[in-house]
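Have a look at the structure below, then the notes.
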Amino acid sequence: MSQTNTSLLDEVVQWSQETCRQELKSVLPKLTSLHFEADRWDDHLRILKIITEMFLPHIGLSELEEECFSKILPKAVTVFDSMMKEIGNHVGELSSQNTELCAFLRNTLQAMMQVIDVLSICVRHVGSFEEGPCLDAIRSLPICILKILRETFQHCKDSETVYCGRLSLVADLLQGLFKEAYLLQKGLLEVLDKISLDSSASDEEVSDIVTVIHSLLDICSIISNLDIALHANTWKFLIKQSLKYQSLVEEHLHHVEIFNSLSDNLLASLHSSVEMAEQMKLAGLQESLQSPEYKLFQKTAKMCRFFANTLVHYVKEFKYFLTKQSSSFHQLYLQIISKFPPSLCAPSLLTALAGELSAAALVPMDAFLLQLLPLRPFAEVVLQPDMLLSPEHELPHLLLLVNIMGQLLSQPEEVMQLWYPGSQFPEDTPRLPLYQAIFISFRRCYTERKVPVLLPGVMLKGQAQVEVTLHRHVCVQLCSSVAVLPPLYFPILERCLVDAVLQADTPTALLATDVWCFTARYGTAELCLHHVLLIAQMVKACSTRCYQLFHLGSLLKRMVFLMTPSHQLQFVSEFPPSKVENLPVWHHVLLRALSQDVRLRVTTEIIDLVQKVLMEWQDGGHKLGQVDKVNAALESLLSVLRGQSSPEEPCLLPAARMTTQLWSRMSPSQLQTHPVLQDTLKLLLSATAVLVKNIKPETISQALLCLEAVISQERPDHLLLAALEFLSSLGKIFFPPDSQSQNLLRLSNLFGVVLADKSWLLHQHALEAFSYFAENTNHEEVISQSLCVEETKTKVVNYLSKTLNSQEAEESRLQRLKQEKLVIEQHNEKLESKESGSDKQAAEAEAITESEPSPKRARQETSAEEYDRYIQTAQSSLKALQALVEGKANTTATPPPSWLEAKLQELTTLISEITSVRHST
């Protein structure tokens with residue numbers, strides 16, 4: 001600096017305030033010019049202090065920007081940046097021995113504090129005016145200060161890395177620097193808060209406000225781990241300014257960045273709170289809620305609540321600028337829900353701490369969701385078909401869908417139309433109907449159903465809530481929704497229920513069955529009748545044994561209980577039990593569900609039909625080709641027997657006669673040769689278990705003989721279950737002395753075989769059957785003879801004494817269930833891909849056309865045509881196989897697999913068996 005300039009500065013510092021005021025117009029331009037031309041930091045700082053301390057108090061508000069701020073503040077930012085750069089260039093050489101460098105760096109930090117002090121003087125001067133400043137009058141002030149604040153906070157945040165273990169040499173100055181920056185920002189925000197813009201604001205003013213907001217957003221990302229209070233206050237001001245000037249700035253703000261930053265801060269504070277709570281539990285601080293750890297937890301939880309509420313408020317005001325973030329909305333909701341029970345990945349926390357965290361993060365999610373319901377992109381994300389979620393997010397997604405369903409009633413019609421029916425036009429982004437999405441999501445929560453996870457139940461009659469299973473929770477919420485569902489969406493509900501019942505996962509089908517039964521009970525009697533007729537048509541349309549038939553039959557069984565007597569009579573008229581083609585329907589009806597008159601009519605018609613079928617079979621020479629028809633009649637007879645309310649029912653005697661007649665036709669040698677008779681044996685065993693007191697001892701002996709012949713061979717599980725039902729019922733009877741030795745020995749051997757079965761499910765049923773038999777029988781020698789094997793005896797004793805096996809570790813159990821889930825899913829997908837054709841399509845076709853007049857029934861295939869169709873199929877497949885084998889043999893390609901010859905031999909054996917059956921009939 002020249003001697004002249006130095007003399008001017010020396011002279012000015014001697015002036016009084018009055019002199020400064022008088023010479024302001026002539027001297028201030030010279031000082032600002034000197035400041036711009038100065039090269040040394042000391043000169044900059046000296047001139048800045050003179051301007052701000054001596055001349056700034058005399059500059060009016062309207063002249064601040066043009067006369068002072070625009071001329072000195074940009075240069076101050078440049079000087080500050082050069083100081084920061086110098087520290088970065090030399091800090092690597094810092095050490096306690098290098099005193100010269102240490103002094104240089106400390107002087108630089110002190111100079112930076114002086115710059116901040118000068119800026120604080122500017123802020124205080126602006127704040128001293130009573131009227132709120134116009135943004136044009138101080139434009140350079142907030143922009144320049146925010147740049148310096150950002151660099152200062154970033155330097156403080158990176159100090160441990162920047163000073164490389166030598167932080168102690170400058171720690172006091174860094175603390176002072178941070179404190180001064182903290183106070184400077186506080187003062188600046190107070191000044192900015194006084195500014196008020198209206199709709200006539202210029203583009204430059206709007207741009208400046210947007211720049212301020214975005215600069216504060218940058219600062220927020222830096223100070224998140226530096227100071228909780230500063231972080232929260234900065235966010236409060238950022239959101240306040242965004243809302244204050246919403247109409248001016250909403251089209252210019254970086255909404256996505258603001259939302260993402262709020263989300264990250266919310267998740268980070270929640271994660272920190274959870275970690276602290278876990279550490280407190282591990283440290284055994286349950287009773288130390290006044291400890292420093294607890295107070296720190298409260299501060300972090302308070303920040304979590306702040307960010308959750310702030311995010312909700314921001315989304316509420318700017319959601320239509322955030323529609324592209326719908327996937328992020330969804331993921332944020334799932335991440336937060338997964339941190340709390342009943343999620344399997346939620347940590348176990350102290351009750352008091354869990355409650356505080358729930359109030360901080362979980363409760364605001366309801367308000368968050370309420371803001372998102374009108375957004376079509378959000379609905380498209382949540383209801384997208386074939387959604388891929390991580391395992392820990394499956395349950396949160398289901399709870400999200402259930403929560404949405406609970407809130408829809410309070411929404412306007414256009415919001416309901418967005419969620420209930422799903423996508424309706426080809427050009428729409430595909431959306432599932434809400435009910436269908438819930439059933440699909442419930443199906444995926446296999447592990448949570450098996451654990452089972454527990455959720456709060458509903459308040460009933462003033463009683464406190466109890467925890468309920470996931471099935472019950474979802475079922476109650478679905479039924480509550482159905483009770484208030486607008487009629488417009490009822491057909492959609494019906495279609496979703498049909499789809500859920502016809503899919504392969506049995507627990508999901510059971511959930512749909514529960515909801516369907518509630519729908520029938522809550523609706524009119526005519527609705528119940530309509531649904532029963534619809535279900536019966538679908539049952540009848542299932543031409544083969546399949547999982548759809550099992551699910552539909554279970555539903556039909558329950559729905560008949562809900563019908564009025566007159567409608568039951570109409571149901572009988574629609575599906576007369578006297579016709580063979582209706583027997584598949586009556587297989588699934590419990591007759592005790594019918595009124596007395598209707599039950600008597602159905603029983604009579606079924607008994608008469610069974611007698612007719614058996615008579616035709618007898619007159620036809622007991623041909624094996626008619627066994628399927630006999631089995632269908634026998635299954636209907638079993639339905640009648642299981643529907644009787646007392647042992648004195650008049651149908652029992654004719655049923656016993658027919659059962660005895662069938663047993664007389666059962667041959668142990670034929671049972672091993674013709675598998676079709678094993679189905680007959682299974683039905684006979686179940687019927688005999690019901691009629692055991694009405695069956696003669698010689699018939700029981702015949703049954704034991706047949707059972708012994710089959711059970712020693714490879715047999716289907718359903719046959720073994722029927723055998724267990726039969727064996728347990730024998731405890732009710734006493735064998736005559738002349739047949740005791742043979743029958744009791746045979747009975748002991750059979751129990752020994754079933755109790756040794758390796759399948760855990762069959763083994764459990766065997767234990768139950770043996771226990772029931774042992775409690776009722778007078779032939780106690782059977783008990784001891786059945787337990788000749790020590791291992792079997794130990795298992796029975798443990799079962800009877802209710803001794804528990806070793807408990808599986810919780811973590812091991814969860815891992816096992818997760819592995820089971822994969823197996824079950826693959827099995828269900830295989831079932832659906834295999835059977836998605838004939839039965840399901842036929843059932844759905846019947847469901848769709850139920851309300852229309854029934855078309856003329858298609859011509860049924862004759863027996864010859866059916867034989868011809870199967871032969872043509874077999875010939876076509878064998879010719880294709882022959883061409884494949886010959887093609888491989890004539891080329892150098894890989895030869896046929898080694899197992900092919902064995903498979904062909906099996907086919908040869910099968911053809912021989914078919915031929916022998918044909919000749920025997």
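The values are calculated or read from the model by the stated rules, or taken from the named source; none is laboratory data. On a predicted model such as this, the values are computed, not experimentally measured, just so you know. Note: ideal-geometry Cβ built from the backbone for every residue, glycine included; neighbour counts use all protein chains shown.
Does at least one position in region 789-800 carry a residue that is in a loop (DSSP other than H, G, I, E, B), assigned by TED's automatic domain parsing to the domain that holds ALA709, more than 25 Å from LYS450 (Cα to Cα) and over 46 Å from the mean Cα position of the chain (by Cα)? Yes - at least one qualifying residue is present in region 789-800. Can you spot a residue in region 41-55 that is more than 60 Å from the chain's Cα centre (by Cα), of a type in the set (S, T, N, Q), loosely packed, with under 14 Cβ neighbours inside 10 Å and under 30 Å from GLY132 (Cα atoms)? So far as region 41-55 goes, no, none of its residues is more than 60 Å from the chain's Cα centre (by Cα), of a type in the set (S, T, N, Q), loosely packed, with under 14 Cβ neighbours inside 10 Å and under 30 Å from GLY132 (Cα atoms). From the list ALA354, ALA359, the lone residue that is at negative phi and surrounded by 15 or more Cβ atoms within 10 Å (Cβ to Cβ) is ALA354.
Entry remark, region 57-86: residues being polar (S, T, N, Q) and out of contact with any helix residue (DSSP H, G or I) (no Cβ under 7 Å at 6 or more places or on another chain) number 2 in total. Checking VAL602, VAL640 one by one, the residue that is touching a Cys at 6+ places or on another chain (Cβ under 7 Å) and closer than 17 Å to VAL560 by Cβ is VAL640 and no other. Among the residues of region 342-362, the ones that are in contact with a helix residue (DSSP H, G or I) (Cβ under 8 Å, 6 or more places away or on another chain) and either in a helix (DSSP H, G or I) or of a type in the set (A, V, I, L, M) (or both) come to 11 in all. For SER801, the conditions (1) in contact with a helix residue (DSSP H, G or I) (Cβ under 8 Å, 6 or more places away or on another chain); (2) polar (S, T, N, Q); (3) more than 22 Å from LEU705 (Cβ to Cβ) all hold with the exception of (1).
The single residue among GLN185, GLN175 that is over 36 Å from the mean Cα position of the chain (by Cα) and surrounded by fewer than 21 Cβ atoms within 10 Å (Cβ to Cβ) turns out to be GLN175. For region 254-268, the set of residues classified as under 15 Å from THR310 (Cβ atoms) and in contact (Cβ under 8 Å) with a residue 40 or more places away in the chain consists of HIS255, GLU257, ILE258, PHE259, ASN260, SER261, LEU262, SER263, ASN265, LEU266, LEU267, ALA268, listed by residue number.
Which one of these is surrounded by 14 or more Cβ atoms within 10 Å (Cβ to Cβ) and either of a type in the set (Val, Ile, Thr) or more than 19 Å from ALA656 (Cα to Cα) (or both): LEU634, LEU614, LEU624? One residue alone meets the criteria, LEU624.
Within region 370-382, the residues that satisfy the criterion of being assigned to a helix (DSSP H, G or I) and either touching a Phe, Trp or Tyr at 6+ places or on another chain (Cβ under 7 Å) or more than 18 Å from LEU432 (Cβ to Cβ) (or both) are LEU370, GLN371, LEU372, PHE378, ALA379.
Based on this model, can you work out whether LEU61 counts as at pLDDT 85 or above and either assigned by TED's automatic domain parsing to the domain that holds SER128 or in contact with a Pro (Cβ under 7 Å, 6 or more places away or on another chain) (or both)? Taking the combined requirement at face value, the residue satisfies it. Restricted to helices (runs of 4 or more DSSP H) entirely inside region 200-305, those with at least 3 residues that are closer than 26 Å to LYS179 by Cα are 203-223, 228-244, 255-282.
What is the number of the single condition among (1) part of a loop (DSSP other than H, G, I, E, B); (2) touching a Pro at 6+ places or on another chain (Cβ under 7 Å) that LEU192 does not meet? Status for LEU192: all satisfied but (1). Under the condition of being closer than 21 Å to SER771 by Cβ and aliphatic (A, V, I, L, M), the residues counted in region 704-718 number 3.
Within region 383-415, the residues that satisfy the criterion of being surrounded by 19 or more Cβ atoms within 10 Å (Cβ to Cβ) and either among the charged types (D, E, K, R) or farther than 16 Å from GLN477 by Cβ (or both) are LEU383, HIS393, GLU394.
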